[in-house]
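**Q** Got a structure here, written out as structure tokens. Questions coming.
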């Protein structure tokens, strides 16, 4: 289904959204929407963003596997009064105009993540307008004053600590929305210093380092694959909140004598035949380490999928539990007497919802397939085994909606309100030492320089030998 916001008067691609998901149509020209106007609905038809409410949630339309932040208009100011409320209502209408009447992207749509960047800029603008109250000769500004008076906008840009590129994009969208809808003409962002700093394309990975990555991850994959048959039962055992706690902690909790004691982590690993698996890079001496170790295991699997398929980050993160299928590339060959001459040939194919080159410019998720060699199949099977164990803790079904990279945060100390979400791999604790140990050598730098002659890799501190 379509998951981007479409300008030109409607919020969605009507050909790809089920009827229950469709929001309301926008009023024409400068008519403000009613309080109950719906900007976004989930797949069940429940409104998640209503114009008259101060919390708007556009997660049903996101392309990313990761959840985006909700927009909380009521949290901009520490206290609420008439002046703050006036800014909030003004911001709501501007944001509404951005969604319905802006002209964003290559295909005229604004992605919800882009709206998130615009909201951050608009929030900064609201706070700036209210902060002028401390200046008696100025007083509280409206957003209209900020966006139409050059002196005010100059001051905001000088003082503001925000993404200037995103702010420029937002002003451009409001400028295209037009005076008929806004009631005023926004200053042209091109007349201000709002350029993004220059950035380089991500460099190629030198051949030697790429092959080293394959070798190192292959060894680690072999270590983890030994436990493929017991990950599920091992993780499911943690439904008992006292399972794998050290004996001293269990004594302090007063569990009722030795007969009621649970095995500690080393004993639990031994009972499940995982002592040789959870070693070195994946050592797990205590229960508190298990969540991080499982994240490392998922991170290794994700790295292998990238190495062998070339999938993008979110293409991998959108994979579901049932992502492997067998495709027959050659059927059984029989002669005229019905005798089988050639057996059917099959390959493993990884099928996921992706955001690829063909779908990137259409703005919706489209199913695609990648050839999955043996290493990728093993990596996915490890993730599936982990997912089965975690699914029992989350009490969710292993269907086409269940993410393959289910977040192991359910194993943390604050598990009661844990939401079913995909794993995030931002923590530096997840970086595998074996991968970090790979270094750049002179031959790698030569290859980098040849890959992009216009770029000076030799002077960049990130590529020091």
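The values are calculated or read from the model by the stated rules, or taken from the named source; none is laboratory data. Please read all numbers here as calculations on a predicted model, not as lab measurements. FYI the Cβ positions are ideal-geometry reconstructions off the backbone, even for glycines, and counts take in every protein chain you see.
**Q** Could you name every one of the helices (runs of 4 or more DSSP H) located completely within segment 83-161 that has at least 3 residues being touching a residue at least 40 places away in the same chain (Cβ under 8 Å) and buried (at least 16 other Cβ atoms within 10 Å of the Cβ)?
**A** Output list reads 112-131.
**Q** If residue 279 satisfies all but one of (1) exposed (fewer than 15 other Cβ atoms within 10 Å of the Cβ); (2) in contact (Cβ under 8 Å) with a residue 60 or more places away in the chain, what's the number of the condition it fails?
**A** It fails just one condition, (2).
**Q** Tell me whether segment 43-52 contains one or more residues that are modelled with pLDDT under 90, under 30 Å from residue 312 (Cβ atoms) and assigned to a loop (DSSP other than H, G, I, E, B).
**A** Within segment 43-52, one or more residues are modelled with pLDDT under 90, under 30 Å from residue 312 (Cβ atoms) and assigned to a loop (DSSP other than H, G, I, E, B).
**Q** Something else: How about segment 54-82: which of its residues are in a loop (DSSP other than H, G, I, E, B) and touching a residue at least 24 places away in the same chain (Cβ under 8 Å)?
**A** Once the filter is applied, which keeps residues that are in a loop (DSSP other than H, G, I, E, B) and touching a residue at least 24 places away in the same chain (Cβ under 8 Å), segment 54-82 yields 54, 58, 62, 63, 64, 65, 66, 67, 68, 69, 76, 77.
**Q** On to the next question. So which of 372, 368 ends up being modelled with pLDDT of 70 or more, assigned by TED's automatic domain parsing to the domain that holds residue 299 and more than 20 Å from the chain's Cα centre (by Cα)?
**A** 372
**Q** Hey, any hits in segment 222-245 for a residue that's closer than 24 Å to residue 435 by Cβ, surrounded by fewer than 16 Cβ atoms within 10 Å (Cβ to Cβ) and without any contact (Cβ under 8 Å) to a residue 24 or more places away in the chain?
**A** Within segment 222-245, one or more residues are closer than 24 Å to residue 435 by Cβ, surrounded by fewer than 16 Cβ atoms within 10 Å (Cβ to Cβ) and without any contact (Cβ under 8 Å) to a residue 24 or more places away in the chain.
**Q** Look through 211, 171, 175 and report the one residue that is out of contact with any strand residue (DSSP E or B) (no Cβ under 6 Å at 6 or more places or on another chain) and touching a residue at least 24 places away in the same chain (Cβ under 8 Å). Quick ask: steps written out before the conclusion?
**A** On the way: 211 fails: touching a residue at least 24 places away in the same chain (Cβ under 8 Å); 175 fails: touching a residue at least 24 places away in the same chain (Cβ under 8 Å).
Result: 171 is the single residue among 211, 171, 175 that is out of contact with any strand residue (DSSP E or B) (no Cβ under 6 Å at 6 or more places or on another chain) and touching a residue at least 24 places away in the same chain (Cβ under 8 Å).
**Q** Shifting gears a bit: List the helices (runs of 4 or more DSSP H) inside segment 189-266, counting only whole elements, that have at least 1 residues being in contact with a helix residue (DSSP H, G or I) (Cβ under 6 Å, 6 or more places away or on another chain).
**A** Passing ranges, in order: 207-225, 231-236.
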